[in-house]
Amino acid sequence: MAEAVAALSLAANILQVLDYGREFVVAAYNIWESGQQGVEEFVALQTLCRDLDDASRSLHSQEIARLSSSSASVGDKAIANLAEECAKLAQRMLNALHQVGVPGHGRKRDAAKAAFKLLWTKDEVKALDTQLGDFRSQLTFRLLISLRSYATQSVENQGHIIEQLNKSQQDTKYLHQKMDQLLLTADQGLGSSAIDYVVNRSRSRALGDSNLGESLQAALFSGISANVNWVDDTCTSHLVVESSRKRKLEAAFLSALQYDGMIEREASVTEAHQATFRWIFLEDSSRPVKWTNFVSWLQSPDQLYWVTGKAGSGKSTLMKFVTQPPPLEPERKGPEQPEPRCMEYLRRWAGDRPLIVASFYFWAAGSKMQTTRAALYRTLLHQLLSTRSDLLPIVSPTRWEALCLFDQDRRPFQEDELRDTLRRTLSEAASTAAVCLFIDGLDEFDGKHDDLIILLKHLVENTPVKMCVASRPWEVFQDAFQNKPSLRLEDLTYQDIKDFVTSRFQSSASFAQLGSREPEFASQLVEEVVQKASGVFLWVHLVVSSLLDGMKFGDRIIDLQCRLDSLPSDLEDLYGRIISDLDPFYFEHAAQYFQIMHASVEPPSALLLSFADEPCPDFALKLPLQKLSQEDMLIRVETMRRRVNSRCKGLIEVAGFNLEVLEFKEARGILVQYLHKTVMDYLGKPTVREMLLKRMDSTFDPYLSLCAGTLAMFKVAIENRDPRDFTRCLKYGSRVSKQRVPEMMTLLDDAEKVFPVDLGMRKRIFEEATGDELQIPEAIDLPRQTVSFLSLVVLCGVMEYIRRRAPDKCLVDLDDETLDPSNRNTVSWDGIKRFARNMTSRRRNQSSRQWPLLFDALPLTRSDATTRSMIATLLDKGADPNHLIPGSPYRVDVTVWGYTLMNLLWLAKRSPYPENKELWEDIARLMLAHGGRIDRRFVGSTVTVLLYDTVAQLRQLQGVELKNFKTMVKQGLREMKDKGAGLNFPMAYDIV
């Protein structure tokens, strides 16, 4: 136990020495670059000398001897060896500092500089920088080895280690101000306890607050990810975790897989009508059409089954019917829930193996996420691992280790990781269990359908799982599945549709009266509806509703017959007929709803639509910043249900409304949805949209309505605020028509007033605004130093607001309220040097206290049609491309223009050249036209930064001297400025 405390104490001392070593490198570099100045750097070095001397003494302690003993673990011995190496390096820096001393002015200063440069050449300073970085990487790796060693011990031993760490901290004189937030608890992981201890022992001058903890944790996370081959399933499965804490960690992992609307589609699929689809589980195939008996497939070793059918034929309803349990009868309700209908038959295939069933529904009428591979991976993983949580250490070892050691893992899931994790999960689960997947709506996937087919076939071919997929009968799917067991739904549902029509009619008192008066016509009416439906349940649903309306209105037999005859058998023609028959008084209001649905990024909640439906957007301005009462919330949702039903005649509907809903969070889940994807497709046709627009007030703007609605949602959701409401308010504002811009400006001015003071919420809003659509090379990433409202406006592309509200030169003052805490909590070891460099930069240039909005406009985390226009707008308002970016992690200050050039040079090495090449070149030309520098000093410093900080391992350029490469870059920039050419370097692929 004592060895663990000694190792962590030594790690804290190493960290401190490395931190001061970074300051030495920064000061040394500044001396070389300072010209006739630089005396302040010698003063800084003198102070550093005292601190480094104290820190280096801590490396000559009994702890090294104790950890070098034979009984110490491999990781602890490695930390002791690293301490000895650091001590030697520290002594070398101290010797240099003692020899030079602190100069005054004039010749003494010049002599001191000359002496220092003799002791430390530029190459030696760079080598020292590299060595410090290597030591940091080694410390991370060796600390992880030690932590893993302790985490494989018994729960009791881990508890004793934590107790000793806690006691040692209580005996430490230096405690951080936020120690109350770092109290060690029984539920805390050993890694979290170790970080708390190291933070309190470090007493780092450059990072002397509790933010060092998050920085160190991030570095250890990176270490786990970087050593993925070292973190294998054998090791992670040996991590010992107390059972109740293990359940919490499993729940945390599953929670991280969830996304908004994950179960939304399945819940919204219409339940199968009573007595329909029962034939799917009949074991005989006596039906007159050719199809592969579904029960036979469920019981057989055949892996793939294809359900196909026309749009609206009921494919999703069938998939839900198969995978959901039957409803419980009232007298049988109890703690045991019935199993899915398919389980009985799948068990005959599974034999003695446990059975796992998982399902996913692509949904084009939902959010963008619900049409992606990522949603497929997340949903299936969540269902599979909820059943087999024991597989977590095997299928996701790095994340499981991070959770076990540090109680959390904030790294976002990437699609490739999700895909690989799903493959491993299926492989592991199928080795001991029988797994069957049901995937609906392949035609609603937002991507290349060939790629999706390849993915699904790969899963089936490489793991012994069964898979049932459903799609429309498009050529791409017919080619892929034509030789697989299948059924075509419209060929098999004649009796189902007849039962449905009969049931709907018989539930109507008006039809009962008709049947008693005209029994022959009533029977004939049912048969005609079924025949005309051609297997499309959705058509039947709409037509029966229309006929029942006629009966309620007292239609005669001839009227009902004419009504049926006039209704087109084609779905799209039927939609057109429904729209043309809308109540003229409500037509414009219905058209407004259709426009709002088209403009919304995802199905809006009924509550949001109620705010967007207010006739005057100023309503949102007058709305107080207070919680919406339950009564008002229910009134708004119920009112919207009635309005949508009366105006839109079923083409859009409010789904899942329950009068017992009381909480705001639940109210968000009551969505306004298209009846079917085909409705969305029809209403989105240019000809249909043009027809609707002609019959509306030309001043109506759905984006302005949504801008006001999302602002209202943010104002009333005091306890359940969603950052998406705020960012969408701005993004909808960016698309408002020119004639409604003044109202949009007023709304966004009000949004600025309610912009949260809480930095945590601001950060969440910025994360929502930026997203992760475009990955930026980590090597040239820069930290965000502000979470100001204007930066958010730029990120959301609201150009009109920037034109009218951005200050001259488009700079935002930095202060404690706008500094993004994520940058003070540095995200890598490189961040440790960032603090010292930034402090030096601020002394040299006070303008670094101002953040350039021009940087926010660069296409780093997003890229769309507004990017170039926003940059042009900022430049026209006086934004300076040569303005320094605060918080540069590089050896020299970086300007917005310099950062743009760095991206161009970095992207030049990627093959194929990225899709946004032309966009970056357009941006470069704009900046050149507005004063972007191309002199030798600027080009030289930028190229040096790129070569030595982002690809530092390439010290020798392949066939080109650094001087010549700088000349090439400079010439390329001149051609770009003068001739509008692209920035092309023939040898870029060989150089970078």
Residues of the stretch 519-564 being open to solvent by 40 Å² or more (accessible area, probe 1.4 Å) and aromatic (Phe, Trp, Tyr), in sequence order, are 553
Can you name the condition, by its number, that residue 371 falls short on among (1) open to solvent by 50 Å² or more (accessible area, probe 1.4 Å); (2) within 21 Å of the chain's Cα centre (by Cα)?
(1)
Go through the stretch 453-478 and report how many residues are over 18 Å from residue 372 (Cα atoms) and in contact with a strand residue (DSSP E or B) (Cβ under 7 Å, 6 or more places away or on another chain).
6
Which listed residue, of 863, 791, 848, is polar (S, T, N, Q), open to solvent by less than 20 Å² (accessible area, probe 1.4 Å), under 21 Å from the mean Cα position of the chain (by Cα) and at pLDDT 50 or above
791
Scanning for something modelled with pLDDT of 90 or more and within 22 Å of residue 607 (Cβ to Cβ), does the stretch 684-699 turn up at least one residue?
no
Out of all the residues in the stretch 616-624, is one or more surrounded by 18 or more Cβ atoms within 10 Å (Cβ to Cβ) and either closer than 27 Å to residue 368 by Cβ or free of Cβ contacts under 8 Å to residues at least 12 places away in the same chain (or both)?
yes
Which of the helices (runs of 4 or more DSSP H) contained wholly in the stretch 147-251 include at least 1 residues that are within 31 Å of the chain's Cα centre (by Cα) and modelled with pLDDT of 80 or more?
190-202
Answer yes if at least one residue in the stretch 475-491 is of a type in the set (A, V, I, L, M, F, W, C), assigned to a helix (DSSP H, G or I) and under 25 Å from the mean Cα position of the chain (by Cα), and no otherwise.
no
Just one of the numbered conditions (1) surrounded by 15 or more Cβ atoms within 10 Å (Cβ to Cβ); (2) more than 24 Å from residue 290 (Cβ to Cβ) is not true of residue 485; which one?
(2)
Can you tell which of 699, 710, 687, 727 is part of a helix (DSSP H, G or I), among the polar types (S, T, N, Q) and more than 22 Å from the chain's Cα centre (by Cα)?
687
When you check residue 433 against the structure, is it in contact (Cβ under 8 Å) with a residue 60 or more places away in the chain, within 20 Å of residue 257 (Cα to Cα), open to solvent by less than 10 Å² (accessible area, probe 1.4 Å) and out of contact with any Phe, Trp or Tyr (no Cβ under 8 Å at 6 or more places or on another chain), yes or no?
no
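Listed here are the residues, each with its yes/no results for (1) aliphatic (A, V, I, L, M); (2) not in a helix (DSSP H, G or I).
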{"site": "429", "(1), (2)": "yes, no"}
{"site": "436", "(1), (2)": "no, yes"}
{"site": "439", "(1), (2)": "yes, yes"}
{"site": "446", "(1), (2)": "no, yes"}
{"site": "451", "(1), (2)": "no, no"}
{"site": "454", "(1), (2)": "yes, no"}
{"site": "457", "(1), (2)": "no, no"}
{"site": "461", "(1), (2)": "no, no"}
{"site": "468", "(1), (2)": "no, yes"}
So, residue 572, is that one open to solvent by 10 Å² or more (accessible area, probe 1.4 Å) and more than 14 Å from residue 647 (Cα to Cα) or not?
yes
Among (1) open to solvent by 30 Å² or more (accessible area, probe 1.4 Å); (2) modelled with pLDDT of 75 or more; (3) within 43 Å of the chain's Cα centre (by Cα); (4) of a type outside the set (Lys, Arg) - the single one residue 33 does not satisfy
(2)
If the requirement is being under 23 Å from residue 469 (Cβ atoms) and within 24 Å of the chain's Cα centre (by Cα), which of these qualifies: 304, 318, 384?
384
Across the stretch 491-502, what is the number of residues that are among the acidic types (Asp, Glu) and either open to solvent by less than 10 Å² (accessible area, probe 1.4 Å) or closer than 21 Å to residue 524 by Cα (or both)?
2
May I ask you to verify whether residue 678 is open to solvent by 20 Å² or more (accessible area, probe 1.4 Å) and at pLDDT 90 or above?
no
Those residues of the stretch 242-277 which are open to solvent by 30 Å² or more (accessible area, probe 1.4 Å) and more than 25 Å from residue 323 (Cα to Cα), in sequence order
242, 243, 244, 246, 247, 248, 252
For residue 357, state whether it is under 30 Å from residue 678 (Cα atoms), buried (at least 17 other Cβ atoms within 10 Å of the Cβ) and touching a helix residue (DSSP H, G or I) at 6+ places or on another chain (Cβ under 8 Å).
yes
Which one of the conditions (1) modelled with pLDDT under 95; (2) over 19 Å from residue 319 (Cα atoms); (3) among the charged types (D, E, K, R) does residue 484 fail to meet, given that it meets all the rest?
(2)
Residue 404: modelled with pLDDT under 95 and out of contact with any His (no Cβ under 7 Å at 6 or more places or on another chain), yes or no?
yes
Screening 685, 753, 694, 715 for residues that are under 24 Å from residue 365 (Cβ atoms) and either buried (at least 20 other Cβ atoms within 10 Å of the Cβ) or free of Cβ contacts under 8 Å to residues at least 24 places away in the same chain (or both) leaves only 685
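The values are calculated or read from the model by the stated rules, or taken from the named source; none is laboratory data. It should be emphasised that the depicted structure is a prediction, and the values quoted were computed from it without experimental measurement. Glycine also receives a Cβ, built like all others from the backbone with ideal geometry; neighbour counts cover every protein chain displayed. Side chains included, ligands, DNA and RNA excluded: accessible areas come from the protein's heavy atoms. Shrake-Rupley method; radii C 1.70, N 1.55, O 1.52, S 1.80 Å.
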